[in-house]
Amino acid sequence: MNTLTPCPCGTGHLLASCCHRYHAGEPAPDAVSLMRSRYTAYVLQNSAYLKRTWHPRTCPRSLDLADGPRWSKLEILDHGGNRRKAWVEFIAHYNGGQLHEKSRFAYEQGAWVYVDGTILDS
């Protein structure tokens with residue numbers, strides 16, 4: 001995807017000045033930014049970034065995104081936490097449905113990582 005297009009995460013910023021910088025190695029400053037960048041990684045099928053930002057205790061051995069849904073929109077509903085642990089509730093829309101989840105994040109070794117999530121009723 002061209003980095004001069006709008007970022008898929010929905011901020012209205014260009015991909016180059018939004019999630020791409022995290023994909024390129026800059027650490028996300030907070031859990032919401034990490035959530036948005038991980039959503040964008042799903043859209044772009046960037047499994048390397050997803051694995052890099054997944055807590056090692058819960059990260060799957062393999063991650064094949066080729067046959068996954070086509071994500072179309074992200075809505076951040078709520079978020080909270082502190083400097084070490086945080087959560088983000090969101091709805092991610094895809095072809096034929098949506099995923100409503102409350103994701104948990106941890107700040108470890110100088111970076112936010114995705115720990116796990118709970119699927120919620122929409």
Among (1) at pLDDT 95 or above; (2) touching a His at 6+ places or on another chain (Cβ under 8 Å) - the single one residue 54 does not satisfy: (2)
Please work out if residue 92 is touching a residue at least 24 places away in the same chain (Cβ under 8 Å), within 11 Å of the chain's Cα centre (by Cα) and more than 21 Å from residue 24 (Cβ to Cβ). yes
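Rundown of residues vs (1) surrounded by 15 or more Cβ atoms within 10 Å (Cβ to Cβ); (2) farther than 23 Å from residue 3 by Cβ; (3) out of contact with any Asp or Glu (no Cβ under 8 Å at 6 or more places or on another chain), yes/no style:
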{"residue": "39", "(1), (2), (3)": "yes, no, yes"}
{"residue": "49", "(1), (2), (3)": "yes, no, yes"}
{"residue": "64", "(1), (2), (3)": "no, yes, yes"}
{"residue": "70", "(1), (2), (3)": "no, no, yes"}
I'm trying to understand the selection: among the residues of the stretch 35-71, which are touching a Phe, Trp or Tyr at 6+ places or on another chain (Cβ under 6 Å) and free of Cβ contacts under 8 Å to residues at least 24 places away in the same chain? 41
Can residue 74 be described as in contact with a strand residue (DSSP E or B) (Cβ under 9 Å, 6 or more places away or on another chain), at pLDDT 95 or above and over 21 Å from residue 117 (Cα atoms)? no
Does residue 81 count as modelled with pLDDT of 95 or more and at positive phi? yes
Determine the pairs where a residue that is closer than 17 Å to residue 29 by Cα, located within the stretch 1-19, has a partner that is surrounded by 12 or more Cβ atoms within 10 Å (Cβ to Cβ) and hydroxyl-bearing (Ser, Thr, Tyr) with Cβ atoms under 6 Å apart, the partner being 6 or more residues away or on another chain. 9/39; 9/40; 15/3; 16/3; 18/11; 19/37; 19/40
The stretch 75-122 - residue that is among the basic types (Lys, Arg) and in a loop (DSSP other than H, G, I, E, B) and, of those, surrounded by the most Cβ atoms within 10 Å (Cβ to Cβ): 84
Considering only the stretch 21-43, state which residues are touching a helix residue (DSSP H, G or I) at 6+ places or on another chain (Cβ under 8 Å) and either of a type outside the set (Val, Ile, Thr) or not in a helix (DSSP H, G or I) (or both). 22, 23, 28, 33, 34, 37, 38, 41, 42
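The values are calculated or read from the model by the stated rules, or taken from the named source; none is laboratory data. Everything quoted here is computed from the prediction, not taken from an experiment. Neighbour counts are summed over all protein chains in view; Cβ atoms, including those assigned to glycine, are modelled from backbone coordinates with ideal geometry.
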